[in-house]
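To start, the structure itself, in structure tokens.
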Amino acid sequence: MKETPLSNCERRFLLRAIEERKRLDGRQTYDYRNIKISFGTDYGCCIVELGKTRVLGQVSCELVSPKLNRATEGILFFNLELSQMAAPAFEPGRQSDLLVKLNRLLERCLRNSKCIDTESLCVVAGEKVWQIRVDLHLLNHDGNIIDAASIAAIVALCHFRRPDVSVQGDEVTLYTPEERDPVPLSIHHMPICVSFAFFQQGTFLLVDPSEREERVMDGLLVIAVNKHREICTIQSSGGIMLLNEQVLRCSKIAGVKVAEITELIQKALENDQKVRKEGGKFGFAESIAKQRITAFKMEEAPVDTSDVEEKAEEILAEAEPPPDVVSKPVLWTPGTAQIGEGVENSWGDLEDSEKEDEDEGGSDEAIIFKGVRMDVGMEVSNTGSQEAPIVLSDSEEEETIILEPDKNPKKIRTQTISAKQEKAPSKTAAKKRKKKRTAN
């Protein structure tokens, strides 16, 4: 599924807001979104939320053979996955250009900066070393994936504990967490990526761009710095030309932001370690806010019941007295009822106008039916008296029968027939006169 493009109105609105030093979420130009770090029940599992961008980090280890050219060093492997759960535009089973770029940037930031002591991962030189694998899954995409992924990767590495091992001759013994305490990794420093979005060819600058801001930006500058303000890697994309002053200013801003993020990470790690030592509850379930519907428990507020009777009396005194009239069901006609003090039910009663209409309609119908019965009776009697078959005439003349209660319909028919007979001789006389005129 392709990404839904922004309309021209949205694009102009975003650019106009950036020109006025405003952002859609109310942040300032150099402000980061809220960062939340939560840990799972196992070591090396964490979720980092950067605003609405969520990344799950999981670290695993395995004893493998070392590389030939680095026999005394362990192996670090990083893998970032963009699933359709994060955004519909990401296609499963296919490495897009964005995914390749993000994976390379993570490797340069964490592996090439030597933030982890790989020599401490060696068990037997040339035979057994630890392979540390960092899997990152994007759960929700709302912009600035690389910053959230770098924070999740370094937090998961700091939180991870590998099993303890012992070597006796050629035998390597691996101990479970119950037998020996797991060993943390040796981490020298914590490099974190900070992204800067440029607009209108570098005229305007934003830190931590959101998903909509990334669509309208002209270029992106990513700087990986540690808390000692040492630049670990830097990458520029988008094809914009930046001045030296702009890059130096971005590096200073990145140093300040990384110091704040590093302090937040250390506090989160200390709190999790403290809870685990005290035997408290930990994991993703405990990190859910208790105000939400999905909370597992609810805080019980103490209720003071000492003056309940006094409050009840006050409420009763202030309340209005109940009405004296008690509603009773009243049956007016079969199938209807009335409950309460409402207007009398008129379902069973007809209005005066309806009654008059019914009376008139009923009398007319009776009269018409009587007339029809009389007419039919006369015709039946006539047909019964004559034994000759009934012949239907094909004449075009129409016979009208008016049904009236006081007149016989048969007489009307004879009158109409006699009228026709009277008209007939007048026509013959007129023809004779025409013939005489022609003869003359």
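The values are calculated or read from the model by the stated rules, or taken from the named source; none is laboratory data. Quick caveat: nothing in here was measured; it's all calculated off a predicted structure. Heads up, the Cβs are rebuilt from the backbone with ideal geometry, glycines too, and the neighbour counts pull from every protein chain shown. Ligands, DNA and RNA are stripped out before the accessible areas are found, and what is left, the full protein with its side chains, is counted by its heavy atoms. Shrake-Rupley method; radii C 1.70, N 1.55, O 1.52, S 1.80 Å.
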**OP:** At 0.36 nm per residue, minus the direct Cα-Cα distance, what do LYS52 and GLU119 gain on full extension? Give it in nm, one decimal, please.
**Re:** 20.4 nm
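If packing is taken as the average count of other Cβ atoms within 10 Å, what order do 217-228, 112-123 fall into, highest mean first?
My ranking of the peptides, most packed first, is 217-228, 112-123.
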**OP:** Between VAL64 and GLU179, take the C-beta separation as r, use R0 = 30 Å, and let me know the FRET efficiency to the nearest 0.05.
**Re:** 0.85
Subject >> Within the range 33-289: Cβ-based charge dipole about Cα centre, in debye rounded to nearest 20 (Lys, Arg +1; Asp, Glu -1) >> reply: 540 debye
Original post:
Of the accessible area of the range 33-289, with the probe set at 1.4 angstrom, what percent is carbon plus sulfur?
Top reply: 48 percent
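Taking the convex hull of the alpha carbon atoms in the range 1-147, what volume per residue do you get, in Å³? Present the calculation step by step, with values, prior to reporting the outcome.
Values: hull volume 21.9 nm³, N = 147.
Here the figure is 149 Å³ per residue.
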**OP:** Could you calculate the contour length gain from GLU309 to VAL247, that is, 0.36 nm times the residue separation minus the distance between their Cα atoms, to one decimal place in nm?
**Re:** 15.1 nm
Subject >> FRET efficiency estimate (nearest 0.05) - Cβ-Cβ, ASN140 to THR29, R0 25 angstrom >> reply: 0.55
Original post:
How big is the Kirkwood radius of the range 33-289, worked out from every pair of different alpha carbons and given in Å to one decimal?
Top reply: 19.5 Å
Original post:
Of CYS122, PRO66, ASN112, which is farthest on the positive side of the dipole of the range 33-289, counting Cα position, with +1 on Lys and Arg Cβ, -1 on Asp and Glu Cβ, and the Cα centre as origin?
Top reply: ASN112
**OP:** With a probe of 1.4 Å, find how much accessible area the range 33-289 has per residue, and write the answer as a whole number in Å².
**Re:** 49 Å²
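How do GLU320, GLU213, GLU127, GLU107 stack up against each other in accessible area, from largest to smallest, with a 1.4 angstrom probe?
Working: GLU320 165, GLU213 10, GLU127 105, GLU107 55 Å².
Highest to lowest solvent-accessible surface, that is GLU320, GLU127, GLU107, GLU213.
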**OP:** Among VAL100, ILE35, LEU56, flag the residue with its Cα farthest along the positive direction of the charge dipole of the range 33-289, charges on Cβ as +1 for Lys/Arg and -1 for Asp/Glu.
**Re:** ILE35
